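Visitor: Here it is: the structure, laid out below.
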Amino acid sequence: MLNYVGYYAKLFPVNSSEQGLSIVINVYNTSIPTLPAIQFYPSQRVLIVANVTYNGSPVQSGEFHALVENYLGNLSLVNLTYNPLSKVWVGSLTLPSDANGILFFYVFGEANNGISGIGYYEAFSGYYVEFFSPVTFVPVDSEFGVPLAVNVSNIYGQPVLGPTNITFNIYVYNITNNEYTFLTSINVTVANGTGGVYLPLNLTSGDLLIEAVNGYGFDAFTNGIYMQSLFILPQVVTEPGSVSPGQYIEIEGSITSPINLPLSNPSNVLYGTNITAELLSSNGSIVNKANVLLNPITLQYQGYLYVPYGIPSGLYTILLFAKYYSYSLNVNITGFYYGQIYVSSMAKIKVNSVNYAFEGQNVIVYANITNASGREIEYGMFSATIYPSSLTSQYTTISQLIEIPLWYNPKIGLWEGNFTLPSSLSPGNLSYLAGIGYYGEPFNILVTGVSAFGNPTTTNYTAEYTLYALPYTYIANQKLNDPLTYYASLVNDEISNLRGAMINDFLINDTISNGNLSITSSNISNVVVYNSSLT
């Protein structure tokens, strides 16, 4: 295969201070050389004409080439010659037999004065294949008969008239080497633009691809039980995901049965399938296995694949195998899917904050996050989940409702964030607690996330930091004439024209003016009083 990628990389950058060559290309069918064409066919002779100019003047000397490529890569290369009569550069070639689909004709080169340029022309070669069946994202099972139905035409929609054989290759995707593995070939006779045949009965389960060989068209479909609705999640749910040895990979979701099963009750496949998960290392060895079982309450499949201690860091593959045995059909209905996850050492976190805070008070959270060697982690994505200790068992649900983002502060070498505790006046950041009214209880802070290098944190409750919310509503830096008169923490407030009683309050650095107050069972610190009566 020809390789001019490096040359393209040299030509594509635009230098605003130096004007390049202008190259305008037309491509003709040599049997009709007067009108540029956009529809060609394999093995057809074509004429490439390039008008190469510099500052509006024809370039008459230099070295120029024409390159033809499609989705498979570079197909043909031809040298162009200058025609002094028409003042254009020309060349001709025969399109290869595999020149199907969208073609790009590139003309590139350099004039004798050292100025270079590139131009391209886009066209289509061969026949376009439209697939009516199988349908992408609609699972089928080949052992029960799956038609391959196609329509074949050129880009103008004109069908193939006479009987024509179109060959199709069938591949299955292999995640372990990121390649499509060839399975088999089939021929379809097309007449008046349409044709069809049944796919082989013994095709492999999984993600399959049908490719037209002497046409242009692709069809991806799932053979067997559809498993792409299963999520493969690390304990710290991020993308791309990573886990540490000792953690679990959660697999959850639903499956879809093939639509062509001759079963009286297809839901038996949905709820009676056995699913097995395997964790593979980069060398293909199986590290661990787990069963993914149906949850009878949610009717979703759920399983946990343990990542054992002692395995090296790197990219690991998860293979999912599904099997349902039908007694009525006396066959195994299978499915296959896959995923990948990165395994790395765990990030270590030490959280620090205040021990006590009032309801409604803003709280700053600091987290010292390091890697396994003790080095500070400065890049990544980390957040804090805050919840009452009494709701620790609901952490998974709460973390999906609200998380407080953290950012790295290079001045102190810590990750930090802030949130407002709920109070009777406002739920603060913890909107899921709105309406409860009383919040004087311990709150837990759990920081989770993943570094830019894939080091996840633990999600274990033992990493929680606990602060105690005092049952006083925090009101700071306000001008008040009708404040909450009981169980309030008033800090740096100006209180005026208030008459009545204040009970069980904190008054810190406040100013009281024009009032007549009775303050009982309260903590008072640095309060200034003007023109008021206090008892």
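Visitor: Please go through the stretch 172-205 and give me each residue that is of a type in the set (Ser, Thr, Tyr) and part of a loop (DSSP other than H, G, I, E, B), ordered by number.
Guide: If we filter the stretch 172-205 for residues that are of a type in the set (Ser, Thr, Tyr), which is where we start, we get 173, 176, 180-181, 184-185, 189, 194, 198, 204-205.
Once the filter is applied, which keeps residues that are of a type in the set (Ser, Thr, Tyr) and part of a loop (DSSP other than H, G, I, E, B), the stretch 172-205 yields Thr176, Thr204, Ser205.
Yes/no matrix, rows are residues, columns are (1) within 23 Å of Phe419 (Cα to Cα); (2) not hydroxyl-bearing (Ser, Thr, Tyr):
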site: Asn455; (1), (2): no, yes
site: Tyr468; (1), (2): yes, no
site: Thr473; (1), (2): yes, no
site: Gln478; (1), (2): yes, yes
site: Tyr487; (1), (2): yes, no
site: Leu490; (1), (2): yes, yes
site: Glu494; (1), (2): no, yes
site: Asn497; (1), (2): no, yes
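Visitor: Within the stretch 272-295, how many residues turn out to be outside any strand (DSSP E or B) and more than 29 Å from Leu148 (Cα to Cα)?
Guide: As a first pass, look at the stretch 272-295 and keep what is outside any strand (DSSP E or B): 272-273, 281-285, 295.
Narrowing further to those that are more than 29 Å from Leu148 (Cα to Cα): 272, 281-285, 295.
Of the residues in that region, 7 qualify.
Visitor: Answer with yes or no whether Thr462 is hydroxyl-bearing (Ser, Thr, Tyr), surrounded by fewer than 20 Cβ atoms within 10 Å (Cβ to Cβ) and without any contact (Cβ under 8 Å) to a residue 60 or more places away in the chain.
Guide: When the stated conditions are applied, Thr462 passes them.
Visitor: Additional query: I'd like the residue in the stretch 339-359 that is polar (S, T, N, Q) and in a strand (DSSP E or B) and, out of all such residues, is surrounded by the fewest Cβ atoms within 10 Å (Cβ to Cβ).
Guide: Here is the first cut: in the stretch 339-359, the ones polar (S, T, N, Q) are 340, 344-345, 352-353, 355.
Okay, now just the ones that are also in a strand (DSSP E or B), so 340, 352.
Working: Gln340: 15, Asn352: 13.
Among those residues, the one meeting the criterion is Asn352.
To keep it simple, each residue is scored yes or no on (1) assigned by TED's automatic domain parsing to the domain that holds Ser244; (2) in contact with a strand residue (DSSP E or B) (Cβ under 9 Å, 6 or more places away or on another chain); (3) farther than 22 Å from Phe453 by Cβ.
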site: Asn283; (1), (2), (3): yes, no, yes
site: Val292; (1), (2), (3): yes, yes, yes
site: Leu299; (1), (2), (3): yes, no, yes
site: Tyr304; (1), (2), (3): yes, yes, yes
site: Pro308; (1), (2), (3): yes, yes, no
site: Leu315; (1), (2), (3): yes, yes, no
site: Asn330; (1), (2), (3): yes, no, yes
site: Ile333; (1), (2), (3): yes, yes, yes
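Per-residue answers, yes or no, for (1) in a loop (DSSP other than H, G, I, E, B); (2) of a type in the set (A, V, I, L, M, F, W, C):
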site	(1), (2)
Ala123	no, yes
Phe132	no, yes
Phe137	yes, yes
Leu148	no, yes
Gly157	yes, no
Gly162	yes, no
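Visitor: Right, here's the next one. Being outside any loop (DSSP other than H, G, I, E, B) and farther than 29 Å from Val237 by Cβ is the filter; apply it to the stretch 249-271 and report the residue that is modelled with the highest pLDDT. Let's see the steps before the verdict.
Guide: From the stretch 249-271, those outside any loop (DSSP other than H, G, I, E, B) are 249-253, 256, 267-271; that's our starting set.
If we keep only those that are farther than 29 Å from Val237 by Cβ too, we end up with 267-268.
Values: Ser267: 82, Asn268: 88.
Of everything passing the filter in the stretch 249-271, Asn268 is modelled with the highest pLDDT.
Visitor: Yes or no: the stretch 457-469 includes at least one residue that is in contact with a strand residue (DSSP E or B) (Cβ under 7 Å, 6 or more places away or on another chain), in a loop (DSSP other than H, G, I, E, B) and over 30 Å from Pro312 (Cβ atoms). Spell out the reasoning first.
Guide: Filtering the stretch 457-469 down to residues in contact with a strand residue (DSSP E or B) (Cβ under 7 Å, 6 or more places away or on another chain) leaves 457, 459, 463-469.
From what is left, the residues that are in a loop (DSSP other than H, G, I, E, B) are 457, 459, 464.
So of that shortlist, the ones also over 30 Å from Pro312 (Cβ atoms) come out as 464.
Taking every residue of the stretch 457-469 in turn, at least one turns out to be in contact with a strand residue (DSSP E or B) (Cβ under 7 Å, 6 or more places away or on another chain), in a loop (DSSP other than H, G, I, E, B) and over 30 Å from Pro312 (Cβ atoms).
Visitor: Taking the criterion of being within 14 Å of Ile398 (Cβ to Cβ) and either touching a residue at least 12 places away in the same chain (Cβ under 8 Å) or over 28 Å from the mean Cα position of the chain (by Cα) (or both), would at least one residue in the stretch 449-457 satisfy it? Outline the logic, then answer.
Guide: Taking the stretch 449-457 as the starting set, the residues that turn out to be within 14 Å of Ile398 (Cβ to Cβ) are none.
There is no residue in the stretch 449-457 that is within 14 Å of Ile398 (Cβ to Cβ) and either touching a residue at least 12 places away in the same chain (Cβ under 8 Å) or over 28 Å from the mean Cα position of the chain (by Cα) (or both).
Visitor: Now, a different point. Keeping to the stretch 246-280, report how many residues are closer than 30 Å to Ser345 by Cα, of a type outside the set (Phe, Trp, Tyr) and within 24 Å of the chain's Cα centre (by Cα).
Guide: So the first thing to find is which residues in the stretch 246-280 are closer than 30 Å to Ser345 by Cα, and the list is 246-253, 275-280.
Add one more test, that the residue is of a type outside the set (Phe, Trp, Tyr), and what stays is 246-247, 249-253, 275-280.
Those still in the list that are within 24 Å of the chain's Cα centre (by Cα) too: 247, 249-253, 277-280.
Total satisfying the criteria: 10.
Visitor: With respect to Ser489, determine if the residue is farther than 30 Å from Thr392 by Cβ, hydroxyl-bearing (Ser, Thr, Tyr) and in a strand (DSSP E or B). Talk me through it step by step, then tell me what you get.
Guide: Values: farther than 30 Å from Thr392 by Cβ: no; hydroxyl-bearing (Ser, Thr, Tyr): yes; in a strand (DSSP E or B): yes.
Considered against the rule, which asks whether it is farther than 30 Å from Thr392 by Cβ, hydroxyl-bearing (Ser, Thr, Tyr) and in a strand (DSSP E or B), Ser489 comes out as no.
The values are calculated or read from the model by the stated rules, or taken from the named source; none is laboratory data. Remember, it's a predicted structure, so these values are computed and weren't measured experimentally. Quick reminder, even Gly has a Cβ in these numbers, built from the backbone with ideal geometry, and neighbours come from all protein chains shown.
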